[in-house]
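In what follows, a structure is listed as structure tokens, so that the remarks can point back to it.
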Amino acid sequence: MSLQTKDLTGIKELSTGDIGLILETASGFKDILGRDIKKVPALRGKTTVNMFYEPSTRTRTSFELAAKRLSTDVISISVSTSSVVKGETLEDTARNVEALGADFIVIRHSCSGTADFLARHMRASVINAGDGTNEHPTQALLDLFTIQEKKGQIKGLTVAIVGDILHSRVAKSNIYGLLKLGARVRLIGPPTLVPASLKALGVEVYSAMHDGLRDADIIMMLRIQTERQGKGFFPSTVEYFRNWGLTAARLEAARKDVLVMHPGPMNRGVEIASDVADGPRSVILEQVTNGLAVRMAVLYLLSGTKQ
Ligand code: CP
């Protein structure tokens, strides 16, 4: 079993068949992760290198754990103490990592297109762990896995994605994935962060929470990406929460069995109220748990794709 692609750089280019194969394989790995002995020898002898040029808690930790659970050797380069600070380019860094025998390079970078660039220059499989405002494919895959696990299927569901869509790579990857699998996607937020032009992707666009959340099956909240914004997208975080924060009262507009999701890290009291984040409809920590099985599936399925 393998994917039709050497690399995972985005959901936009991923076939529906490959998405289905990843979700099915992740389900098998989730079963294994529930056992006493969680480690399998599937990728013994392979090497995984994490290159994170931006901060991360969930993605980096779960890629490290996924690689270890599959018995690969795994190294995480700390960019701030690497030769990057002496001026070494991304491509030279990656080529040196490959010369040391990397089979998988997991890359997070602030520039959109970085993973795609590396994939075209490396023999190793390149996995995008988030590139600028472009894509974060494994986050979307774990979100799709969580929705499918909880709801049985994705086709026909109404998914509301709320917040800073403009700067969100998580939103982009989810929009591509959800539409490929037959969901109806609504985007909600201030018009400065959810421009009407996004309708061209095949989604509905709302500025009022009550309208966009009505009868939603899934609500996906997003963090305001202050590190990627200039000023002036909304007046203040207090006003943002007043208009677009997810509160228990606003949740009433959605379906009773709605799932509340968030990729993390959360800004409590900015995009989501604490009682909702920790409440009975929240699957936020289950998303994190599922990320491990999904990343194991991605590494495993890419291991069979080398020429
Ligand atoms: N969801 C996500 O990418 O979280 P991290 O930035 O902590 O990896």
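Overview of results
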quantity	calculated
Condition check for LEU118: among the aliphatic types (A, V, I, L, M), within 16 Å of the ligand (Cβ to nearest atom) and either in contact with a Gly (Cβ under 7 Å, 6 or more places away or on another chain) or modelled with pLDDT of 95 or more (or both)	no
Candidates VAL84, VAL49, filtered to the one that is outside the structural domain of ARG169 (by TED's automatic domain parsing), touching a helix residue (DSSP H, G or I) at 6+ places or on another chain (Cβ under 8 Å) and within 17 Å of LEU292 (Cα to Cα)	VAL49
Residue check, MET261 more than 16 Å from the ligand (Cβ to nearest atom) and either β-branched (Val, Ile, Thr) or open to solvent by less than 20 Å² (accessible area, probe 1.4 Å) (or both)	no
Residues of the range 155-167 that turn out to be in contact with a helix residue (DSSP H, G or I) (Cβ under 9 Å, 6 or more places away or on another chain) and either in a loop (DSSP other than H, G, I, E, B) or within 20 Å of SER112 (Cβ to Cβ) (or both), as a count	7
All helices (runs of 4 or more DSSP H) inside the range 190-307 with 1 or more residues being free of Cβ contacts under 8 Å to residues at least 12 places away in the same chain and within 23 Å of the chain's Cα centre (by Cα)	274-277, 284-302
Residue list for the range 40-79, restricted to those being more than 13 Å from the ligand (Cβ to nearest atom), under 24 Å from the mean Cα position of the chain (by Cα) and open to solvent by 70 Å² or more (accessible area, probe 1.4 Å)	LYS68, ASP73, ILE75
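Let's see how each residue does on (1) part of a helix (DSSP H, G or I); (2) in contact with a Lys or Arg (Cβ under 8 Å, 6 or more places away or on another chain); (3) over 25 Å from LEU166 (Cβ atoms); (4) open to solvent by 10 Å² or more (accessible area, probe 1.4 Å):
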site: GLU88; (1), (2), (3), (4): no, no, yes, yes
site: VAL97; (1), (2), (3), (4): yes, no, yes, yes
site: ILE105; (1), (2), (3), (4): no, no, yes, no
site: ARG120; (1), (2), (3), (4): yes, no, yes, yes
site: GLY130; (1), (2), (3), (4): no, yes, no, no
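The values are calculated or read from the model by the stated rules, or taken from the named source; none is laboratory data. Remember, it's a predicted structure, so these values are computed and weren't measured experimentally. Here Cβ is always computed from backbone atoms with ideal geometry, including for glycine, and neighbour counts include all displayed protein chains. To get the accessible areas, we keep the full protein, side chains included, count just its heavy atoms, and leave off ligands, DNA and RNA. Shrake-Rupley method; radii C 1.70, N 1.55, O 1.52, S 1.80 Å.
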